[in-house]
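Right, one structure below, let's go through it.
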Amino acid sequence: MSHKLFLKVIIIGLVIMANANCLFAYDPQRSYFFEDWRTYNLEDPCDPLNNDWFYDRTTPWCDVYGMPWYSIPRWGVLKTDPDGTVWGDTVFVDDDRCCIIREKDDSNTPVINAIGHGADIYILQIILGYFNVGGEPGEGGGILYLQPGNYTVRLMGELNAEEHINNVWQYGGNIMGQIRIGSKQPEYGGPFIHDNADAKYDMYAGTLTTTCNREINAGLVVGNSSPGADLRCDAEFNMRGGSILTNQIALANQDCNGVFNMNGGTITFQDFITPTEPTDLKIGYDYRAKEATFNLGDVNTTGTLIGPYTNITLTSNVGIFNGWGTVAFGGTLSNSGIIDANGYGIERDLDFSSMSSVLEPNDNVVGKANGWYAVNKGRLVLPSIAVTAGTNTYNWGEAAADTDIDMINSARITFNSSLAGTLTGNLLCDGRSDLPVNNYLVLGVWNFQNTTSVSSVQIKVRYDELLLAKSGFAAREANLKIYQYQTDHLVDITTSIDTTKKQISGSASSLGIFMVGIAPTTCAEVYAFGKAYLGDLVPDCLVNLKDLSILASEWLGTPIQADLNNSSTVDVRDLGIMVQDWLKNNNP
């Protein structure tokens, strides 16, 4: 190598490292920029792990099969198909390196790609954490960083985060193509089976357009693997902003964990060929997956889901949908997993009311947790049900054709002498302001309403035996009752309980708020149920001067009992809490 070329390599390396330190809080080993590949061609035909190159400064090398590839990232000769389609080469990012895509270079000059499409970049596929062909694992993961800007990366194939630990950070741009996060598959041509893939995609801005019309696989897979191989991967997609346009998202293939956290942005589901064809959100892409979770929102914000023909499918014992917000889908809600309305301490809804119907492909068995839940002041809203005149039975949280209920917190309601109308139903977390205050051990609360009158109703619910066991009162199962809130108090309407099927039934003259639980018999049980007043310090289930005396004795001193707000001191804020409970009595 001539001394001039050697000096040029050194200068390029210093420039890259300087830029990387400015762009990131970490210090990656190597960084690359997606730019005009024709600028340089550094000659080193055997080493695929050269140091500190821009994306466009590539080196051809040969794998064990004699196939010419290009250095990391590798960009090579563009291929033109007979129909005129232009393809780029595959880009590989591994060995703990970072590949940066940007709209303009350091001189603020717009990036021109290899086929002269301005900021549009055409690539066959991008693979992060690639493994070496021939049976040997790769040297490390890769990072793909999309800088803010208005540009498009058109993937003729896919973005695939494979071996080792990989990260994608998107702050701008538009990626178009198929996306595989945490992809695992057997090595072709060698005995090595990939394992331990960890991949994360953090999306703050920009757009992602992904489709599966060309293949049977989903357009966006979080936690991908090859069927038939005992592989493991952990994949996570964190959406904090931006937008995704897709016709299918799938979480967790075989032996994988797939988690999608949506705290902002918008996902729009649309079929790219026939707009009215169904689209899908699949939570648990394979029944052999480890875990598949879709988290909509957190304590502060949530995202927007749109899809007039979109179905949701949760796989039994695998799929979980958790959070709050409006799911503006129009397809079927097929739940054999867990759907959890989580308000994160604020009265919020998880609203599926726009969906057409509820299905349950796989029955839940006693001892399993598949079903419907509302926690942390959340409320679950399911699709309404059309009621015909006469005496008829309807399922809430189960498929309409089912003759029995098994999903936890599902219900079966029979209307007698009803007129035609609409049944609406919600599952609520105990302790919300729209529910009556009580001192019961509560397993579930429902609010059912009908738009027309009935002479009487029979209601059966599948109660939560797992929550009962967790409370420590499983021995009192036979004492469970179903109550209806009438005027200003709870009324026992129980007609039967089946402790084998975990079903409890009752009869009432109308719909309204129903609750399944156990009434306390002593003040000690009130405390055991977690229903004691904060200001009851004695404790005797009554807030009075005895409690105030304890608070006064600890005033502005070292708190023992009276620090009601956990502030490490006893002051006027604790007094305010006690005043709210003053003279309240919940002693049975």
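The values are calculated or read from the model by the stated rules, or taken from the named source; none is laboratory data. Just so it is clear, the model here is predicted, and its values are computed rather than measured. Cβ sites come from the backbone with ideal geometry, for glycine too, and all protein chains shown count toward neighbours.
Looking across the range 345-365, the residues that are at pLDDT 95 or above and in a loop (DSSP other than H, G, I, E, B) come down to 345, 346, 347, 352, 353, 354, 355, 356.
Look at the range 428-440: where a residue is touching a residue at least 40 places away in the same chain (Cβ under 8 Å), no partner that is polar (S, T, N, Q) and surrounded by fewer than 14 Cβ atoms within 10 Å (Cβ to Cβ) sits 6+ places away or on another chain with Cβ atoms under 8 Å.
For every residue, the table says whether it meets (1) surrounded by 22 or more Cβ atoms within 10 Å (Cβ to Cβ); (2) on the phi > 0 side of the Ramachandran plot; (3) in contact with a Lys or Arg (Cβ under 8 Å, 6 or more places away or on another chain); (4) in contact (Cβ under 8 Å) with a residue 60 or more places away in the chain.
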| residue | (1), (2), (3), (4) |
| --- | --- |
| 252 | yes, yes, yes, yes |
| 258 | yes, no, no, yes |
| 268 | no, no, no, no |
| 273 | no, no, no, yes |
| 278 | no, no, no, no |
| 283 | yes, no, no, no |
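In this structure, residue 483 does not qualify as under 19 Å from residue 382 (Cβ atoms), touching a strand residue (DSSP E or B) at 6+ places or on another chain (Cβ under 9 Å), at pLDDT 95 or above and of a type outside the set (A, V, I, L, M). For residue 466, the stated conditions do not hold, so it cannot be described as hydrophobic (A, V, I, L, M, F, W, C) and within 27 Å of residue 577 (Cα to Cα).
Each row is one residue, and each column tells you yes or no for (1) of a type in the set (Lys, Arg); (2) surrounded by 12 or more Cβ atoms within 10 Å (Cβ to Cβ); (3) more than 30 Å from residue 446 (Cα to Cα); (4) in contact with a Ser or Thr (Cβ under 7 Å, 6 or more places away or on another chain).
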site	(1), (2), (3), (4)
506	no, yes, no, yes
509	no, yes, no, yes
516	no, yes, no, no
525	no, yes, no, no
535	no, yes, no, no
547	no, yes, yes, no
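Taken over the range 312-330, residues that are more than 22 Å from residue 238 (Cβ to Cβ) and modelled with pLDDT of 95 or more amount to 2.
Yes or no, residue by residue, for (1) aliphatic (A, V, I, L, M); (2) surrounded by 17 or more Cβ atoms within 10 Å (Cβ to Cβ); (3) in contact with a helix residue (DSSP H, G or I) (Cβ under 7 Å, 6 or more places away or on another chain); (4) within 22 Å of residue 404 (Cβ to Cβ):
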| residue | (1), (2), (3), (4) |
| --- | --- |
| 448 | no, yes, no, yes |
| 465 | no, yes, no, yes |
| 468 | yes, yes, yes, yes |
| 475 | yes, no, no, no |
| 480 | yes, yes, no, yes |
| 485 | no, yes, no, no |
| 491 | yes, no, no, no |
| 495 | no, no, no, yes |
| 500 | no, no, no, yes |
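The residue list 517, 506, 557 contains one member that is closer than 30 Å to residue 419 by Cβ and either more than 39 Å from the chain's Cα centre (by Cα) or assigned to a strand (DSSP E or B) (or both), which is 506. Does residue 572 satisfy the condition of being outside the structural domain of residue 434 (by TED's automatic domain parsing), without any contact (Cβ under 8 Å) to a residue 12 or more places away in the chain, surrounded by fewer than 16 Cβ atoms within 10 Å (Cβ to Cβ) and more than 25 Å from residue 443 (Cβ to Cβ)? When the stated conditions are applied, residue 572 passes them. Summed over the range 428-486, the residues that are touching a Phe, Trp or Tyr at 6+ places or on another chain (Cβ under 9 Å), hydroxyl-bearing (Ser, Thr, Tyr) and closer than 25 Å to residue 339 by Cβ give a count of 4. Remark: residue 353 matches the filter, which requires a residue to be touching a Pro at 6+ places or on another chain (Cβ under 9 Å) and either closer than 22 Å to residue 433 by Cα or surrounded by 24 or more Cβ atoms within 10 Å (Cβ to Cβ) (or both). Would it be correct to say that residue 378 is within 30 Å of residue 298 (Cβ to Cβ) and without any contact (Cβ under 8 Å) to a residue 60 or more places away in the chain? Yes, satisfied. Remark: residue 554 falls outside the filter, which requires a residue to be touching a residue at least 60 places away in the same chain (Cβ under 8 Å), crowded, with 17+ Cβ neighbours inside 10 Å and either farther than 30 Å from residue 413 by Cα or not assigned by TED's automatic domain parsing to the domain that holds residue 455 (or both).
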